[in-house]
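To start, the structure under review is shown below, and the notes come after it.
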Amino acid sequence: MKTLNHKFVDKIPEEIEEGILYVSIPYETAIHKCCCGCGSEVVTPISPTDWIITFDGESVTLDPSIGSWSLECRSHYFIRKNKVVWSSSYSQEEIKRVRKRDTEDKQDYFKDRQEVEEQPLIVNTEKTTEPIKRETGFLAWVKNLFNK
């Protein structure tokens, strides 16, 4: 398979068609049949610690690569602007390293979020007794992303 057509849906359909990347923003998930043709369904959660989806108005990109290492086919590819870009196969040791790094990245991400949420609110007593609001959610994540 060389390309995937994207389809934005509210809910993931029961029948997944080959060649379609279904994207559900409400469920923060994308799903497609493996691009090798094995017929397996590949689920990619969309979040700052999993996959990030970019929609440019015409096509979608998923980042990082899709490593179907739990499947028999062990396919490894990128989806860039609806195109499938095949990558090299990984050894079991490389897969282990990637999974370890992913776990560590998630732990760091949530540790950083917890530290931000635990910071006390700053109160400017000279002008007001109202606390300064901390930004949370998506806006804070974006600002944090660009401040690093």
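The values are calculated or read from the model by the stated rules, or taken from the named source; none is laboratory data. Computed from a predicted model, the values in this text were never measured in an experiment. Because the Cβ atoms are built from the backbone with ideal geometry, glycine has one as well, and the counts that use them run over all protein chains shown.
What to note about this one:
- The residues of region 1-22 that are surrounded by 12 or more Cβ atoms within 10 Å (Cβ to Cβ) and acidic (Asp, Glu) amount to a single one, Glu18.
- Test: residue in region 41-52 that is farther than 19 Å from Arg80 by Cβ and surrounded by 17 or more Cβ atoms within 10 Å (Cβ to Cβ): no
- Test: residue in region 69-78 that is surrounded by 10 or more Cβ atoms within 10 Å (Cβ to Cβ), modelled with pLDDT of 70 or more and on the phi > 0 side of the Ramachandran plot: yes
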